[in-house]
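Read through the structure below, which is laid out as structure tokens, and then see the notes.
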Amino acid sequence: LLPTLRENGIDIIWVMPCQPIGVITRKGTLGSYYSIIDYCAINPEFGTRKDFEHFLKEAHKQGFKVILDWVANHTAPDSEWTKNDGWHYRDSLGNLMVQYDWTDISKLNYENQDMRAEMLKAMHWWMDSIGIDGFRCDMAEMVPAAFWSYATKAVKEQYPDIQFIGEVYNPSLYRSYISAGFDLLYDKVGMYDTMRAVITGQAATSAITSAWQQTDDIRQHMLYFLENHDEQRIASTFFAGEARRGVPAMMASMLMQQNPFMLYFGEEYGERGMDHEGFSG
């Protein structure tokens, strides 16, 4: 797989959370890997630390950088961190933004300095002991920008090439999080939503102009994509119905600007996601 990805021009591999998953509120057999019980370990249900280190060594040998999904907003309710007073909110959600079925997490409290220090310490473990090249920060906008300023500065003083990618959906916050040290931010509400509307005939192609102009001053920091684990597959019946309808949007997303493009696993083959493991249930 790695040689094929390299031949296709992929530079960076994003590994989704691979730490152990909480047990007491686990959903289904496997649970959600965004409900982390131990930040400095490998989930034995996925493999071993040796397995991960072997993958990382091979990826580096072939010229890839590897970034890890980092879940800073919340932790598993049975995490060690939830046993410390003041480290998390007592209700399972603790914020007004969550409208989904996030019953298997506890939101972390970034007013607590000990918790903040422990979060940074855990990030350092992955760089110092494992050797990863960056972090894709899950729901970054739900964590105070002040923490990211503190964390990115501390990390980059020791590892200047480490990359931080932020999942930020509110365009009014983009520049604040870039100032807080993020190298790239998801361009979801602007470019993704616009491209999807164009693909499905809900908007004219002229809408793309307005979308890129909204972030033209920070264009080198915007990460374009057409699929990810939170969005429906282009080829699914919920989106375009066939992969080929996404090709023009793919070309525009990859070639219009000079910023990176994120390709979701299987997207290049037109994966529909319509089986049991997909959006159909």
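Peptides 34-42, 193-201 ranked from most to least packed give 34-42, 193-201, packing being the mean of other C-beta atoms within 10 angstrom over each peptide's residues. When each of the peptides 137-143, 117-123, 179-185 is scored by how many other beta carbons lie within 10 Å of its residues on average, the order from highest to lowest is 137-143, 179-185, 117-123.
To the nearest ten degrees, helix 145-158 and the longest principal axis of the Cα atoms of the chain are 80 degrees apart. Here the 3J(HN,Hα) profile of the stretch 170-175, calculated from phi with Karplus coefficients 6.51, -1.76 and 1.60 at θ = phi - 60°, is 8, x, 5, 9, 3, 5 Hz, Gly and Pro shown as x. The angle between the Cα long axis of helix 49-61 and the longest principal axis of the Cα atoms of the chain comes to about 40 degrees, rounded to the nearest 10.
With R₀ set to 35 Å, the beta-carbon distance separating K65 from A207 gives a calculated FRET efficiency near 0.60. With no solvent and one equal point scatterer per Cα, compute the Debye intensity ratio I(q)/I(0) for the chain at 0.08, 0.13 Å⁻¹ and report its log10, rounded to two decimals. For the requested q values the scattering log ratios are -0.35, -0.98. Legend: residue pairs K50/K107; K61/K156; K50/K156; K57/K188, Cα-Cα distance threshold 28 Å; pairs beyond threshold, K50/K107; K57/K188. The length gained by stretching the chain between D161 and A197 to full extension, at 0.36 nm per residue less their Cα-Cα distance, is 9.4 nm. Accessible area per residue (1.4 Å probe, heavy atoms of protein chains only) ranks H74, H124 as H124, H74, with the largest value leading.
The slack in the chain from R6 to K121, taken as 0.36 nm per residue of separation less the alpha-carbon distance, amounts to 38.2 nm.
In order along the stretch 219-226, the phi-based Karplus estimate (6.51 cos²θ - 1.76 cosθ + 1.60, θ = phi - 60°) of 3J(HN,Hα) comes to 4, 6, 9, 9, 9, 8, 6, 10 Hz; Gly and Pro are listed as x. Near the amide H of W70, within less than 5 Å, lie the amide hydrogens of R136, C137, D138, all on another chain or at least 5 residues away, with H placed in the peptide plane. Sequence-distant or interchain residues sharing an amide H contact under 5 Å with V23, placed H: which? Result for V23 returns D78. Seen from Y169, the other residues with C-beta closer than 9 Å to its C-beta sum to a net charge of -1, counting Lys and Arg as +1 and Asp and Glu as -1.
Rounded to the nearest 20, the Cβ-based charge dipole of the chain about its Cα centre (Lys and Arg +1, Asp and Glu -1) stands at 260 debye.
The values are calculated or read from the model by the stated rules, or taken from the named source; none is laboratory data. Source: prediction; values computed, not measured. No Cβ is skipped: glycine too gets one built from the backbone with ideal geometry, and neighbour counts run over all protein chains shown. Ligands, DNA and RNA are stripped out before the accessible areas are found, and what is left, the full protein with its side chains, is counted by its heavy atoms. Shrake-Rupley method; radii C 1.70, N 1.55, O 1.52, S 1.80 Å.
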